[in-house]
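> For reference, the structure I am asking about is given below.
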Amino acid sequence: MLAERANGRFIFAATVIRLIDQDQPQDRLPLVCGMLRGDVSRVWGDIDHLYASAINDIDASVRTVGLQYLSLIVNLAEPLSSSNLRFLFGTDIHPYLLPFSAFVSIPPSSSSNVVQIYHTSLRDFLQKCDPQSGHQQLADAETHQRLVTSCFRMMARVLRRDVCGLKDPSLLHDEIPDYTQKRDAIPRALLYTCRHWLYHLQRTGAPPDNATQGLLLDFLEKRVVFAIEVYSIFGELAVGVRLLRAARKFVRTWPTSAIKDTALPLLYDCWRLTLDFFYPISFSALHVYESALPCSPARSKIRSAYMHIIDRPTTLVFEHGLDEEWDCVTRIIETEFSDLLLSPDGAQLVTRAPLEIHVWDTATGQLVTSLSQNIPVPSTTHSFAYNGSHVALCGVRSFYLWNLSTGGCVELFPEPLHLIHGRVRHTSGFMIGASATRDGTPVYHSAQLLATGPLCFSFDGSSIACVAAKPPQAENANTKRCSIYIYDVNTGKLRSQIPFEFEAVRTSLEFAADNNHLLVHNVGFVGIVDVMNGQLLGSLGCCNTQSGWRRTLFSLDNRQIFHLADQGRADIEKYSFGQTTRTVSYQLATQNSATQLHIRGPPPTGSRSLMLQKIEDTSQSEQSLLGANPQPIEYAAHQQDPGSRSVSAKRPASDQYPNIDLRFRATMPALVSDLGDLMALKTESNTYVVIRTSGMYESFCCEVNLDACGIALRHILRFTPQSTYIAIADTTADGTRIQLWDPSRRSGYSIESVLLPSTAPGLLDMRFCKEETAVALSFLSESQWKIAVFSQEGSKLEHVTLFSPGALTDDLAALISITSVTPNTVHLWRSNADGTQVNHLEWRRATSTVTTRATFPYPCDTAGKRLWLVKVAHSPSFNHVHFMSLDVHHRVLTTTFTMKTPLPDHERDNNREDSYKVKLHEDQDSFSDMLSWSDLRMDTDGWLRQRRRRICWLPERYRPKDLEKAGLRLVVDGSRVTIPCTNERKSVTLRFCNTEIHYFD
């Protein structure tokens, strides 16, 4: 009888069985028996009426509350267990759900199994309004309103710093013995709230009410960094990056309000913090507090919101050199490619190589998927496009669509195929694969069209526009030269075809934001096409035929078209597009000029049309852009490329030096002082510009014009160890000269000069002692290697002695350098005649003698092949010596010499040499401090460590410049650590907390 009454619907019969099989079946038997007798009308076979009848039979004292919780459960983004539902809603809802067990799987409250509905028809029923039964359910938006409120309230109750008690930030997750147990102790409901709060927020309506907006702002200002920690703990940091980016996009749709103006910059900062510090946070969640927050930019909103965490540091304080804004670089991906594109939301990057296409996650930098296919692609501009789900390629005679989710590749032919060998070809213009029709008939590409590109996806990714041209031999007076084909991305069907007379190779395409209009630009022509019917709505002339390729695009509101000039040109044209155009002022600054355009367009009449009115094109000097009273920030901006450096700087205003713009290109790498507070750049005009980098802003100090000061082309420039003076040594006709400059004086002239009559045709090195009381200069003279020693008292120099460690060898690669200077000694490195050993020589002022203090084997690789020595560093007492070398593959290898037993001074006086242990480090990924000789180390992946203990992770811009080639050089003063020259060519100072720095000497 039940099968008959169910009308063949299994879900109906199963629900009736579960009604009888409940904990108290006797309470439901009257209802079921009534159904069997036919007393309940309109029930049999109708699942909605069965739900309504069964719910009406539930006790009213629990029915209303139970229905409300049931409505919330069916709208969850993913099911949760009873215990986690109790965490989410803040109360035990298990008793309210039990009467609904015929419709919902309800495990015991202690079980980890999830509560979930048996059939999706219950969700549909609960979303309906049944006036006859009186079951007025919550509206969908109201349901998600309650859920997002529950999410924010639970996060307010549970989220905190170090939520699972990891305690030690120096350990990575896989280094913590009981990490899995600690992670699993976190309620899954907390992960749910962190993962899905945006899911529910987006469904509360646009915009949410003020109370919900306030909950979001409270979460961003007080707890979002704790949520980032949760993402890391559960290995879902990439999910957090995407969520924060999507949340910002959603909030931008809200009307202007104080909450929106506060939330948007916070969301951006949260996204950037997670993105920039993705690497350390993903491996150690606590470094959201130990590395990310302390290194966040000074003006970032997240820094000010969480200053209470930064002000109570456990690891470090960023004292100097902190950037004021986020760096423009968000991710560095090393790969070989010929072209690249970002997805519309910026979440993925697609790179194209000759035989492969790779898709990268911009948050993690990891390869998502790749396509290896030998598709002949022409070398035309924009023959490659990406919409986030499909990659489009322009082949020789067809277009290819690669679906990232399925991995399938679809080939689109611009025109129908023809008869071959008496068999009809497939003519729909849509083919799966490249070698067969749907019925398996072999095919050959059409010889009548060439797929030249460009390709362009619509904003919503549903359409793609392609350009195909007829080959010259196929052109005649009755045919157009090229056509634009618009396809449906999902079906591959051709939507419309628009023929044109111009050359396809000089065409650019751009969809409007409404996805209904296509902008077509060619030299001398700009037009708008209706995507659905292919009708040309309007066109006009623009740039001349002699111009190069230009980009034309819609404004986001579809009211204007921007026509961009060639690179380096200063003209921009604007066109109004079918809407009333208000007066617009736009200013473009280029390298040598500026252009200001005023566009006025009258309201259009009739059909949608194009209008152009270019009012003014005025060139101005670059200085006028700075205004009458430019800001006193003297060192304004800089960029760098592999061969040179472009610097824009302004001298401070004074009677002698008015405000001017000084632009130059540096012809050699910057020279940085040991303290990292001064930097010298040599320009093309043979002038050194000295810049102070220790303040909030880099500032101009002075300049030294080498020609005006009579300094020879071959010279040596050094900063003194305490950055008190700038020293330049050169050779003149009268002898060897050392000059001192005071960097605080802007005159550009020396304050001291001392001349050594001996002519030095080859200057080698100059080094000061740490106390700035002595200086040694090495040079070549009369086939001898000579050292001149000078005493220094303030800015006064006096020649002390001149000695020679020995004659030159025939080996031009022999090592000759001054390694250190003290008031009474000079230490030297010198390789022997056959290049097999390096000698440590010591000159003593008291005896005026040179002795060999130690002998080291010349660095060789494991095969015994001699390496190219690039740097030698030593601790103050020479207990540790590092030889940095390059092998044939240009890898940096470090040979470490550690003194076995330090010799007392009286044994050294007897010319006894020190004895060292040798260790060769290959494939080195960690470098010791070779300036202060502290126990700090820097890994190539950014970790700053004390021996094996990780202290913090530094972004690329704060790491030492040329770490792998020059080694690690830190200026350590107590708990303060200064990196003298970072990759951004500035100094940064960190103060460590709870870290006692030790030294090897």
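> Does the stretch 722-738 hold any residues that are of a type outside the set (S, T, N, Q), in contact with a Leu (Cβ under 9 Å, 6 or more places away or on another chain) and surrounded by fewer than 17 Cβ atoms within 10 Å (Cβ to Cβ), and which are they?
Residues satisfying the conditions are Asp734, Gly735.
> Among (1) modelled with pLDDT under 95; (2) assigned to a helix (DSSP H, G or I), which single condition is Ser232 missing?
Exception for Ser232: condition (1).
> Suppose we filter Leu371, Leu349 for residues that are in a strand (DSSP E or B) and in contact with a Cys (Cβ under 9 Å, 6 or more places away or on another chain); which single one remains?
After applying the criteria, what remains is Leu371.
> What residue, among those in the stretch 470-500 that are part of a loop (DSSP other than H, G, I, E, B), modelled with pLDDT of 80 or more and not polar (S, T, N, Q), is farthest from Val531 (Cα to Cα)?
So, considering only residues that are part of a loop (DSSP other than H, G, I, E, B), modelled with pLDDT of 80 or more and not polar (S, T, N, Q), the one farthest from Val531 (Cα to Cα) is Gly492.
> Looking only at the stretch 229-262, count every residue that is in contact (Cβ under 8 Å) with a residue 60 or more places away in the chain, open to solvent by less than 10 Å² (accessible area, probe 1.4 Å) and either closer than 22 Å to Val368 by Cβ or not β-branched (Val, Ile, Thr) (or both) and tell me the total.
Total satisfying the criteria: 3.
> Looking at Arg949, Arg976, can you tell me which residue is more than 27 Å from Trp868 (Cα to Cα), touching a Lys or Arg at 6+ places or on another chain (Cβ under 6 Å), open to solvent by 40 Å² or more (accessible area, probe 1.4 Å) and in contact (Cβ under 8 Å) with a residue 60 or more places away in the chain?
Only one candidate qualifies: Arg976.
> Test Leu286 against the criterion of being under 16 Å from the mean Cα position of the chain (by Cα) and either more than 16 Å from Ala227 (Cβ to Cβ) or open to solvent by less than 40 Å² (accessible area, probe 1.4 Å) (or both), and give yes or no.
Criteria not met by Leu286.
> Does Ile787 satisfy the criteria of being part of a strand (DSSP E or B) and within 27 Å of Val988 (Cα to Cα)?
It is false that Ile787 is part of a strand (DSSP E or B) and within 27 Å of Val988 (Cα to Cα).
> On the basis of being assigned to a strand (DSSP E or B), at pLDDT 85 or above, touching a strand residue (DSSP E or B) at 6+ places or on another chain (Cβ under 9 Å) and not hydroxyl-bearing (Ser, Thr, Tyr), does Arg945 make the cut?
The answer is yes for Arg945.
> Determine which single condition Trp741 fails, assuming it passes every other condition in (1) at pLDDT 90 or above; (2) more than 23 Å from Trp843 (Cα to Cα); (3) of a type in the set (A, V, I, L, M, F, W, C).
It is condition (1) that Trp741 fails.
> Which residue pairs have Cβ atoms closer than 8 Å, lie 6 or more positions apart in sequence or on different chains, and pair a first residue in the stretch 383-403 that is under 11 Å from Val350 (Cα atoms) with a second residue that is among the charged types (D, E, K, R) and assigned to a loop (DSSP other than H, G, I, E, B)?
Gly388/Asp345
> If Arg665 meets every condition in (1) over 15 Å from Ser723 (Cβ atoms); (2) in contact with a Ser or Thr (Cβ under 8 Å, 6 or more places away or on another chain); (3) modelled with pLDDT of 75 or more; (4) in a strand (DSSP E or B) apart from one, which number is that one?
For Arg665, the exception is condition (3).
> Is the stretch 689-707 home to any residue that is modelled with pLDDT under 85, farther than 24 Å from Lys986 by Cβ, open to solvent by less than 60 Å² (accessible area, probe 1.4 Å) and out of contact with any strand residue (DSSP E or B) (no Cβ under 7 Å at 6 or more places or on another chain)?
no
> Right, here's the next one. Which residues, taken from the stretch 246-280, are under 21 Å from Ala298 (Cβ atoms) and not in a helix (DSSP H, G or I)?
Phe277, the sole residue that qualifies.
> Just to be sure, is Ser781 small (Gly, Ala, Ser), under 17 Å from Leu755 (Cβ atoms) and at pLDDT 90 or above?
no
> Can you tell me which residue is modelled with the lowest pLDDT among those in the stretch 501-520 that are farther than 18 Å from Phe459 by Cα and open to solvent by less than 10 Å² (accessible area, probe 1.4 Å)?
Only one residue fits best here, namely Ala504.
> Oh, and also: Name every residue in the stretch 309-346 that is modelled with pLDDT under 85, open to solvent by less than 70 Å² (accessible area, probe 1.4 Å) and not in a loop (DSSP other than H, G, I, E, B), in order of residue number.
Of everything in the stretch 309-346, those that are modelled with pLDDT under 85, open to solvent by less than 70 Å² (accessible area, probe 1.4 Å) and not in a loop (DSSP other than H, G, I, E, B) turn out to be Asp339, Leu341.
> While we're looking at this one, here's another question. Restricting the first residue to the stretch 929-941 and requiring it to be in contact (Cβ under 8 Å) with a residue 60 or more places away in the chain, which pairs with a second residue that is among the charged types (D, E, K, R) and not in a loop (DSSP other than H, G, I, E, B) meet a Cβ separation below 6 Å and a spacing of at least six or different chains?
Listed pairs, sorted by first residue: Leu936/Asp929.
> On to the next question. Would the stretch 957-965 turn up any residue that is of a type in the set (D, E, K, R), part of a strand (DSSP E or B) and not assigned by the TED database to the domain that holds Ser296?
Within the stretch 957-965, none of the residues are of a type in the set (D, E, K, R), part of a strand (DSSP E or B) and not assigned by the TED database to the domain that holds Ser296.
> Could you tell me which numbered condition Leu954 fails, if it satisfies all but one of (1) aliphatic (A, V, I, L, M); (2) at pLDDT 90 or above; (3) open to solvent by 30 Å² or more (accessible area, probe 1.4 Å)?
(3) is the only condition that Leu954 fails.
> Does Pro354 qualify as being modelled with pLDDT under 80 and open to solvent by 50 Å² or more (accessible area, probe 1.4 Å)?
Taking the combined requirement at face value, the residue satisfies it.
The values are calculated or read from the model by the stated rules, or taken from the named source; none is laboratory data. Computed from a predicted structure; not experimentally measured. Cβ sites come from the backbone with ideal geometry, for glycine too, and all protein chains shown count toward neighbours. Areas reflect the complete protein model, heavy atoms only, side chains present, ligands, DNA and RNA absent. Shrake-Rupley method; radii C 1.70, N 1.55, O 1.52, S 1.80 Å.
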